[in-house]
């Protein structure tokens, strides 16, 4: 009987914007206990892309993030559309944000971004890219930079590349043998 608790005894979705909803859950922790209310942000699953060009550079993007009230360097990324194939989403987001075309897409894993407050999952990928074509366009408001592994590691150390989810995706790429981990651990 102990494995039956805790259990969800009520659920309510509260729309906030086209991109997120607030999920309210009533959780009963023991039989006949008064349910406790918990909230989480509910949104579409997310793609994080560790890409590398044929000359060994990593595309990163800089954009304004209202939640932090500043611009940040990040990996190409985005929300998965309902029913969208994950590899195709990866290709689409990479092209939209960087102008780079994917040659090969390798899944790195699916993980929870925050088990306490977020209900979505992050699908991380390593992508081998074609060289950046002359005149390639990026999404409006996004600045593209191609960096070496050492430059990416330096941006992480300096706090200019701050998105923990993307730092985790870089480490997954290293753990899976797609990139050399040395620059990230040796100054």
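Derivation of every value follows stated rules applied to the coordinates shown; laboratory data play no part. Bear in mind the structure is a predicted one, so any value in this text is a computation, not a measurement. Don't worry about glycine lacking a Cβ; one is built from the backbone with ideal geometry, like all the others, and counts go over all protein chains shown.
Worth pointing out:
- Net length gained if the chain between residue 29 and residue 81 were fully extended (0.36 nm per residue, minus Cα distance): 15.3 nm
- Rounded to 10°, Cα long-axis angle of helix 164-175 versus longest principal axis of the chain: 60
- Each DSSP beta bridge with both residues in segment 1-156 is either parallel or antiparallel, and the antiparallel ones are about 80%.
- Backbone N under 15 Å from the residue 171 label point (7 Å along Cα→Cβ), restricted to segment 126-163: 153, 156-157, 162-163
- Mean separation of Cα contacts under 8 Å (6+ apart) over length of segment 84-127, as relative contact order %: 34
- In this rough spin-label picture, where each label sits 7 Å from Cα along the Cβ direction, the residue 3-residue 133 distance is 5.5 nm.
- Length gained when the stretch residue 143-residue 19 is fully extended (0.36 nm per residue, less Cα-Cα span): 42.4 nm
- In this rough spin-label picture, where each label sits 7 Å from Cα along the Cβ direction, the residue 121-residue 63 distance is 2.3 nm.
- Rg/Rg_globular for segment 50-122, with Rg_globular taken as 2.2 N^0.38 Å and Rg from C-alpha atoms: 1.21
- Acute angle (nearest 10 degrees) that the helix 86-98 long axis makes with the longest principal axis of the chain, alpha-carbon atoms: 50
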